[in-house]
Amino acid sequence: MIGWNRGHGLEKRYAWLNTHYTDPNGLMYYKGYYHLFYQYNPEAPIWGNIVWGHAVSTDLLRWHYLEPAMKGDHWYDERGVWSGSATLLEDGSPVLLYTGESVNRTQVQNMAIPANKSDPLLLHWIKVPHNPVVVAPPGYNASEFRDPSTAWQGSDGMWRLLVGANTGKRGVIGTALLFKSQDFYQWQFVNRPLHSVAGTGMWECPDFYPVLIEGIEGLEVSSTQGQPVKHVLKISSDDLKHDYYSVGAYNAENDTYEPAIHQLDTGIGLRYDYGKFYASKSFFDPSTNRRILLGWSNESDSIQEDITKGWSSIQSIPRKVWLDSISSTNLLQWPVREVESLRQNQLVKESVNLPPGSVYHLSEVMGSQLDIEVQFLKPNLTQEPIPPELLAQNAACSTSGAAKRGIFGPFGILVLTTPNLEEQTAVFFSFVHSRRNGWKTIVCSDQSRSSMDNDVDITSYGSFLRVYDNEFTLALRILVDHSVVETFAQGGRTVITSRVYPQRAVNDFATIHLFNNSTRLHVMTQSISVWNMESVQLSNFNTATQRH
């Protein structure tokens, strides 16, 4: 379920009835089509009966459903066709590697190849006869061994592959196990992981790829020769249900990975997204030289609501990812440029003054599908005296909310808002100060007043935001799509995805406001641009008219 027009909690937009979507799998660009496989329950809007759904697109926005690519029909995947990845071999042939839950409940890694490589839609897949191709090594728990990564090829010609696992007493050490193959069919464990981090628990959906030290272009996973690169190791924490990553150095000679900053190691440091975003997968798009990232955004309402509306879970808007060349230790993420083709009816305002305690209604625009870019002039805090009570403030978004007035924030924007502000989803900045670290900026997405429905998650999500001294604005880009609010702060340094379910602030009854709920700061925007967005519906692909 991906595209524009992703629906709010009361209304089915473009999902199959009675369906459940989770992890994106097997992402690739092949013969003119983007392919999205995904964890899919065709029988109910809850987890279970998992097969590989399949959709294709030519623009990453308008997706067309195909028949499921793989179902559990062998002893090694009878209980579920779980997550995995696509790899393009040297001759351009695609191969799928995926986890199957076997009849005896062990998790094994399997391979499938296209029945017809000349078919750009890749409608039919054949599971190879020697499955499973990878099983849990001795000493590892075969019931926690899953989600093979995209494979990469070293200068020695050997293929490498990661599988998520855990080890240690009670499985507290998260690990990415490394396997090698000469022919891509016979795989051997190298007797050690690529990387492990104590205290992080089971690692799911590992992803490992190079990024240029300078430049925003993406790289194919095996294309690092002669280019100054770093590597990204990302995992999905089964314990915490967040996606963590680190940036570091990959030693191709001995197949080891070392994070650039150990305090920001995988599983304990940076996250792709500080909201509802999990089990993500990236891929290299050779048609545009981009690395593109998608993630699963699960619901924030109740299971009963999902059953009532007949579907649950969506995919995020695809994001381009690249290394932040200023820090060289974190990634930047930004909606793919194709999203801008949906913009309509632009509103531009400059220099909106927001004195303490004020709310400013952007009366010229409304709606549930919006693309918003706003820059606030960064207040000069160095001249402000530091009250003792500020030092004791809790900086967590979950305790500081948009409605709670503070000395130096919050201020930001309200979307999906009723005219009386009864329903509102706030995206805001605030400042905190400590004697040790000085001033810090936080960015939050506050769901606490997003719906009159009492049976929804009202968590406020967010994180600290890196803002450099030579940056004079605080910037937000916000994509609003009915039940989804995706926030990209400061050029994509911090990203937050929220799921919200307004009952009254829908469609033309959804308004937008700027606000400043601080007690001391005078805030001014440099500029704000708002676009209504064209709706994009998903459809079934008429394969009868497609020539293979």
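The values are calculated or read from the model by the stated rules, or taken from the named source; none is laboratory data. Quick caveat: nothing in here was measured; it's all calculated off a predicted structure. Note: ideal-geometry Cβ built from the backbone for every residue, glycine included; neighbour counts use all protein chains shown. Surface accessibility is based on the protein's heavy atoms, side chains included, excluding ligands, DNA and RNA. Shrake-Rupley method; radii C 1.70, N 1.55, O 1.52, S 1.80 Å.
Just tell me which lysines come within less than 29 Å, Cα to Cα, of LYS440; anything on the same chain fewer than 8 places away is out.
By straight Cα distance, LYS440 reaches LYS230, LYS234, LYS241, LYS276, LYS320, LYS349, LYS378, LYS404.
Over all directions, average the projected area of the Cα convex hull of the stretch 115-240 and note it in nm². If you can, show how the numbers build up before the last one.
On the way: hull surface 41.0 nm².
So the mean shadow area of the Cα hull is 10.2 nm².
Please report how far the C-alpha centroid of the stretch 107-162 lies from that of the stretch 477-528, rounded to the nearest whole angstrom.
So the two Cα centres are separated by 41 Å.
Sorted from largest to smallest, which semi-axis lengths in Å does the alpha carbon gyration tensor of the stretch 246-308 give for its equivalent ellipsoid, taking the root of 5 times each eigenvalue?
On the way: eigenvalues 202, 69, 18 Å².
So the three semi-axes of the stretch 246-308 are 32, 19, 10 Å.
Evaluate 2.2 N^0.38 Å with N set to the residue count of the stretch 325-483, then give the Cα radius of gyration divided by it.
The reported ratio for this selection is 1.11.
Average the reciprocal distances over every distinct pair of alpha-carbons in the stretch 456-548, invert the result, and give the Kirkwood radius in Å. Please report the intermediate quantities before stating the final value.
Working: mean 1/r = 0.0585 Å⁻¹.
Over the stretch 456-548, the inverse of the mean reciprocal pair distance is 17.1 Å.
Take every Cα-Cα pair in the stretch 197-329 and report what % of them are more than 23 Å apart. Write out the running numbers ahead of the final one.
Numbers: 3304 of 8778 pairs.
Result: 38 percent of Cα pairs exceed 23 Å.
Search the structure for amide H atoms under 5 Å from the amide H of GLU78, placed 1.01 Å from N in the peptide plane, and list their residues when 5 or more places away or on another chain.
HN-HN under 5 Å from GLU78: VAL103.
Output needed: Cys residues of the chain lacking any neighbouring Cys C-beta below 4.7 Å, sorted by number.
So, CYS205.
Which values, in whole Å and largest first, are the semi-axes of the equivalent ellipsoid of the stretch 23-90 obtained as the square root of 5 times each eigenvalue of the Cα gyration tensor?
Values: eigenvalues 99, 47, 15 Å².
Listed largest to smallest, the semi-axes of the stretch 23-90 are 22, 15, 9 Å.
Taking the alpha-carbon distance from LYS169 and a cut-off under 17 Å, which aspartates and glutamates remain once sequence neighbours fewer than 8 residues away in the same chain are dropped?
GLU144, ASP238, ASP239
Which three numbers, in whole Å and largest first, are the semi-axes of the equivalent ellipsoid of the chain derived from its Cα gyration tensor as √(5λ)? Please report the intermediate quantities before stating the final value.
Numbers: eigenvalues 309, 148, 89 Å².
Values for the chain, descending: 39, 27, 21 Å.
Quick one: Karplus J couplings for the stretch 483-488, per residue in order, coefficients 6.51, -1.76, 1.60, θ = phi - 60°, nearest Hz, x for Gly and Pro?
Calculated HN-Hα couplings, in order: 9, 10, 10, 10, 10, 10 Hz.
Over what distance in Å are the Cα centres of the stretch 50-68 and the stretch 229-266 separated?
Rounded to whole Å, the Cα centres lie 30 Å apart.
Sum -39500 (n - 2.57) across every DSSP H segment of at least 4 residues in the chain, then divide by the residue count to get the 222 nm mean residue ellipticity, nearest 500. Walk me through the numbers on the way to the answer.
Values: 3 runs with 15 residues, N = 548.
After summing the helix terms and dividing by the residues of the chain, the value is -500 deg cm²/dmol.
Any chance you could list P(r) for the stretch 9-158, counting all Cα-Cα pairs in 10 angstrom bins from zero, rounded to whole %?
Reading upward from the zero bin: 11, 39, 34, 14, 2, 0.
Relative contact order of the stretch 250-346: what whole-number percent is it, with Cα pairs under 8 angstrom and at least 6 residues apart?
Numbers: 104 pairs, mean separation 17.5, N = 97.
18 percent.
How big is the Rg/Rh ratio for the stretch 398-511, C-alpha atoms only, Rh by Kirkwood, two decimals? Provide the component values of the computation, followed by the final result.
Working: Rg = 14.4 Å, Rh = 14.5 Å.
A ratio of 0.99.
To the nearest 10 Å², what's MET158's accessible area with a 1.4 Å probe?
Solvent-accessible area, nearest 10 Å²: 50 Å².
Cα-based Rg of the stretch 211-255 per 2.2 N^0.38 Å, rounded to two decimals?
Working: Rg = 12.8 Å, N = 45, 2.2 N^0.38 = 9.3 Å.
Scaled against compact globular proteins, the figure is 1.37.
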